[in-house]
Amino acid sequence: MKVIGVVGLPASGKGEFSRIAEDMGIPVVVMGDVIRNTLTDRGLPPTDENLGEISRELRERYGRGAVAQRCIPMIKALDANLVLVDGIRSDAEVALFREVFEGFTLIAVEAPFGVRFQRLNDRKRSDDPSDEESMRARDARELGWGLGRALEIADYTVHNEGSIQEFRDEVVRILKEMGA
């Protein structure tokens, strides 16, 4: 089983990357779903504050690879030749995936702050920051989990600041190169 991970700051294009992979028939495991499911189990609304608190709590209690650890059985259960993992947040998660899945490949998706902020304003998800200060705080929180280091150790980097078609073309090219 070949596993590809996607890492990036909020609204960099990870979700779009995953949709492209799904359109190509690649199963996707979204790490954020582990956090959202925990919120649902606790009866909490999916706000940025609640998501951040659950993420912090899991990492403090079970280690920085806690969310990845919960995703491993989900990935294995897919029994597919190629699986994409969306939403890696730390170098510890990368290390765990590399330990469990031989040939694990990490792809960083990057976009400038202004582009990402505009995307958040456009999508209006309940957990999206509403102002630049809140977004900078969210970036800092996620970088504090080791996301910056994960971005640095990526095997590929996709810059997502042009058109959606340019991004799609690049993602399809990379995924085909990896056997999709």
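Please treat every number below as a calculation from the coordinates, not as lab data. Values in this document were obtained by computation on a predicted structure and should not be read as measured data. Every residue, glycine among them, receives a Cβ derived from its backbone with ideal geometry; neighbour counts consider all protein chains shown.
General observations
- Residue-wise HN-Hα coupling along segment 4-16, computed from phi with Karplus coefficients 6.51, -1.76, 1.60 (Hz; x: Gly, Pro): 10, x, 10, 10, x, 5, x, 6, 6, x, 4, x, 5
- Kirkwood-type radius of segment 101-144, with distances r between different C-alpha atoms, in Å: 12.1 Å
- Radius of gyration (Cα atoms) of the chain, expressed as a multiple of 2.2 N^0.38 Å: 0.98.
- Dimensions of segment 93-167 based on its C-alpha atoms, expressed as ranges along the principal axes with the largest first, amount to 39, 30, 20 Å.
- Label-point gap, in nm, between Thr47 and Gln69 - each point 7 angstrom along Cα→Cβ: 2.9 nm
- Between Arg36 and Glu99, the C-beta separation translates, for a Förster distance of 25 Å, into a calculated FRET efficiency of about 0.45.
- Toward the positive end of the charge dipole of the chain, with +1 on the Cβ of Lys and Arg and -1 on the Cβ of Asp and Glu, the farthest Cα among Ile164, Val67, Met178 is that of Val67.
- Loop-exposed trypsin sites (Lys or Arg not before Pro) per DSSP, neighbour cap 13 Cβ within 10 angstrom, longest uninterrupted part of the chain: 1-123
- Tensor-based shape of segment 25-66 (alpha-carbon gyration tensor, a/c under 1.5 rounded, otherwise prolate or oblate): oblate
- Centre separation in Å (Cα based) which lies between segment 72-144 and segment 1-46: 7 Å
- Contact order normalised by residue count of segment 2-177, Cα under 8 Å, 6+ apart, percent: 36 percent
- Counting beta carbons within 10 Å around each of Ile174, Ile35 and listing the fewest first gives the order Ile174, Ile35.
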